[in-house]
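Asker: The structure is given below, and queries will be raised subsequently.
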Amino acid sequence: MYSRKTQLTLFLENKPGQFAEVCDLLFSRGVDILAMSAITETEYGVARLLVDDVPAAMVALEENAVRFLQADVLLAAVANRPGMAAGLGHRLAQAGVNIEYTYFTAGEQGHTSSMVFGMAEQDLERAIELLGHPTSGYN
């Protein structure tokens, strides 16, 4: 399944406890984090999140003065099997879609993984349409 999802990108001070504070804040509002990627660069870090309740997360972040942006991303909920990431990457590349960043979950082989792809807004619908059609190779 391929779909458009809203991602929240948080800008956090790089200090002990920030990760826990954000997770606690969202938990206290009943918001579940579905996928997350976090990196730090010197004084600040960037956390990209997919959550189950975007409006509630946004209210919680705003009320607690956590700086964030929202953007649409491609979510691929696919069976975890060898070559899946490569296959999706090749199909998007062949269509001329530039993947700006990605992060994903992987459980046991055969179970569903969530792969998040950041790309230009104009490529999102085309990518969803393209990936929704099976091929003889990767799907």
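The values are calculated or read from the model by the stated rules, or taken from the named source; none is laboratory data. On a predicted model such as this, the values are computed, not experimentally measured, just so you know. Glycine also receives a Cβ, built like all others from the backbone with ideal geometry; neighbour counts cover every protein chain displayed.
Asker: Filter segment 19-45 down to the residues that are within 22 Å of E100 (Cα to Cα) and crowded, with 16+ Cβ neighbours inside 10 Å and list them by number.
Answerer: Listed by number, the residues that qualify are I33, A35, M36, S37, G45.
Asker: Would you be able to tell me the number of residues in segment 65-89 that are surrounded by 12 or more Cβ atoms within 10 Å (Cβ to Cβ), in a loop (DSSP other than H, G, I, E, B) and at pLDDT 95 or above?
Answerer: 1
Asker: Ok, one more. Condition (residue is out of contact with any Ser or Thr (no Cβ under 8 Å at 6 or more places or on another chain), free of Cβ contacts under 8 Å to residues at least 24 places away in the same chain and of a type in the set (V, I, T)) applied to segment 92-101: is it met by at least one residue?
Answerer: Taking every residue of segment 92-101 in turn, at least one turns out to be out of contact with any Ser or Thr (no Cβ under 8 Å at 6 or more places or on another chain), free of Cβ contacts under 8 Å to residues at least 24 places away in the same chain and of a type in the set (V, I, T).
Asker: May I ask you to say which residue of R67, R48, R91, R29 is among the basic types (K, R), closer than 30 Å to L131 by Cβ and over 17 Å from the mean Cα position of the chain (by Cα)?
Answerer: Being among the basic types (K, R), closer than 30 Å to L131 by Cβ and over 17 Å from the mean Cα position of the chain (by Cα) holds for just one of R67, R48, R91, R29, which is R91.
Asker: How about segment 41-58: which of its residues are farther than 11 Å from L8 by Cα and either assigned to a strand (DSSP E or B) or of a type outside the set (D, E) (or both)?
Answerer: Passing the criteria: E41, T42, Y44, G45, A56.
Asker: Residues being assigned to a loop (DSSP other than H, G, I, E, B) and closer than 10 Å to D123 by Cα: count how many of those fall in segment 90-110.
Answerer: So the answer is 5.
Asker: Select from segment 1-23 the residues that are without any contact (Cβ under 8 Å) to a residue 60 or more places away in the chain, outside any strand (DSSP E or B) and closer than 23 Å to S114 by Cα and write down the one among them that is farthest from the chain's Cα centre (by Cα).
Answerer: For segment 1-23, the residue satisfying everything is A20.
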